[in-house]
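Everything on this sheet refers to the single structure shown next.
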């Protein structure tokens, strides 16, 4: 990272914070506050309301204090400008999709190296979603989501729109690049989603993560 990024960490395991905070500092991410509970995190965000962090890195479960999904939903509602990275030892089937649907920007399992947390932070700052490779491999792809078949279904412009979306480009930027209206680009995106059998933005985000190497040629 070329400039320093600010973050808050919330986790009820001190050993996690003890290892993560100094590691992030070496990666150009300054931890401005640490909390050991969901309520503590909300209190710290309120305290820093005039200068919010760019990223919140939080665990999922806090011993029944608050449901993890409700916490993510609340964080996203109160602080939509703050990126949310969930760093959790829990990843039951369906959880990651639910977290993304509630407003999380990234998910990293605690079994992964800390490097993947830093990778997640870099990714979400470019307005893209991130799921660590191991968790991504556990997600069940919708039927017939074969990369070659998907490419055959899409027009060249639809593939180009998906490629730019996978790189984190918003629709407005894609529209400027192609000198088209945002509405036209949105129609092309929706057409691609329909051809691929993707029902909503969450499934699109998961598709772009899973098929990133096919969508963005190396």
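The values are calculated or read from the model by the stated rules, or taken from the named source; none is laboratory data. Worth saying up front: this structure is predicted, and the values here are computed from it rather than measured. Because the Cβ atoms are built from the backbone with ideal geometry, glycine has one as well, and the counts that use them run over all protein chains shown.
Have a look at 42, 75 and point out the one that is touching a strand residue (DSSP E or B) at 6+ places or on another chain (Cβ under 7 Å), part of a helix (DSSP H, G or I) and either in the same structural domain as residue 118 (by TED's automatic domain parsing) or more than 20 Å from residue 122 (Cβ to Cβ) (or both).
75
Could you go through region 46-66 and let me know if any residue there is part of a helix (DSSP H, G or I) and surrounded by 17 or more Cβ atoms within 10 Å (Cβ to Cβ).
No, because not a single residue in region 46-66 is part of a helix (DSSP H, G or I) and surrounded by 17 or more Cβ atoms within 10 Å (Cβ to Cβ).
Can you give me the number of residues within region 113-146 that are at pLDDT 90 or above and assigned to a loop (DSSP other than H, G, I, E, B)?
8
Picking from 206, 171, which residue would you name as being under 24 Å from residue 117 (Cα atoms) and at pLDDT 80 or above?
The match here is 206.
Against the definition (at pLDDT 95 or above and either in contact with a strand residue (DSSP E or B) (Cβ under 8 Å, 6 or more places away or on another chain) or crowded, with 18+ Cβ neighbours inside 10 Å (or both)), how does residue 7 come out, yes or no?
yes
With respect to residue 84, is the statement that it is in contact with a strand residue (DSSP E or B) (Cβ under 7 Å, 6 or more places away or on another chain) and either modelled with pLDDT of 95 or more or not assigned by TED's automatic domain parsing to the domain that holds residue 46 (or both) true?
So residue 84 fits the description; yes.
Taking region 1-30 only, how many residues are in contact with a helix residue (DSSP H, G or I) (Cβ under 6 Å, 6 or more places away or on another chain) and assigned to a loop (DSSP other than H, G, I, E, B)?
So the count comes out to 2.
So residue 35 clears everything in (1) surrounded by 15 or more Cβ atoms within 10 Å (Cβ to Cβ); (2) modelled with pLDDT of 95 or more; (3) under 16 Å from residue 114 (Cβ atoms) except one condition, right? Which one?
(3)
Let me spell it out: the conditions are (1) modelled with pLDDT of 95 or more; (2) under 21 Å from residue 21 (Cα atoms), and residue 62 meets all of them except one. Which number is the exception?
Failing condition for residue 62: (1).
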